[in-house]
Every structure is written in structure tokens, then in C-alpha cells.
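As C-alpha cells, the structure follows; a few thoughts come after it.
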Amino acid sequence: MVIIFGHFFLPFLALLRIDVKSLFPYMSAIAVWMWLMHYLDLAYNILPIAHPEGFPLKWFWLDLGCIALMVGILAKVFLAKFAAAAPFPVKDPRLIEAMGHFHPVPTQISGGELDQITD
């Protein structure tokens with residue numbers, strides 16, 4: 001029942017609201033909860049067969065180390081890919097207006113026409 005409600009129903013009901021999906025603290029808490037439930041689901045299905053006499057807690061650090069390794073590798077790849085490209089379209093002709101800034105002199109790059117300059 002914990003896996004059914006914790007792995008599906010709780011995240012499903014939490015993600016139905018649009019205001020929850022737009023707030024980073026709520027989404028990060030839901031993501032951590034879902035990862036924890038996924039780990040518990042896999043541990044419940046795999047560990048009894050791997051250790052029929054009971055899971056020795058002295059090897060618990062190995063699970064945490066593997067998770068930390070995967071998080072580190074994925075974070076490094078993500079940050080490398082993120083740094084390789086600009087986070088916004090550099091050659092967009094209306095970039096200044098899209099970012100909410102005012103360009104005092106209209107140019108072709110800023111989306112204005114040169115004949116619209118008023119003195």
C-alpha cells in the first residue's frame with residue numbers, strides 16, 4: 001500500500017495543481033519523494049532475493065555511493081551541455097524587447113526600422 005499510494009497517488013494528486021508545478025521548492029520536494037519511492041519499490045522487489053537472510057546494513061553505504069555517483073555524472077553532463085550553448089537565442093532580432101528592455105535607438109537588430117527614428 002505504501003508503494004501504491006506513495007509511488008503513484010501522492011505525486012499524481014500533487015502534480016494536478018498548476019501552481020504547485022510552477023514553484024521550484026514544491027517540485028524539488030516531489031522529485032525527491034518520487035526518487036525515494038522508486039528506490040523503495042526496487043529495494044522491495046530486488047533485495048529479498050539478493051539477501052534471503054536479511055539485508056546487511058553494513059553494505060547500505062554502497063547504495064548511497066552508487067546513487068551519489070550517478071547524480072554526480074548526470075550533473076556533470078548536464079552542466080557541460082548547459083554551458084555549451086547560450087540559454088537564449090543570440091541572433092533573435094527581437095531579443096531586447098523579449099527580455100523586457102527598451103532600446104533607445106531603433107535598429108534593424110532591435111526589430112525597429114531605421115526610418116522610424118524621431119527627433
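The values are calculated or read from the model by the stated rules, or taken from the named source; none is laboratory data. Because the structure is a prediction, the values reported are computed rather than measured. Quick note on the areas: whole protein, heavy atoms, side chains included, nothing else; ligands and nucleic acids left out. Shrake-Rupley method; radii C 1.70, N 1.55, O 1.52, S 1.80 Å.
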What is the percent carbon and sulfur in the accessible area of segment 24-89, measuring with a 1.4 Å probe over the protein chains and ignoring ligands?
81
For segment 1-74, what is the accessible area per residue in Å², given a 1.4 Å probe and the full set of protein chains?
83
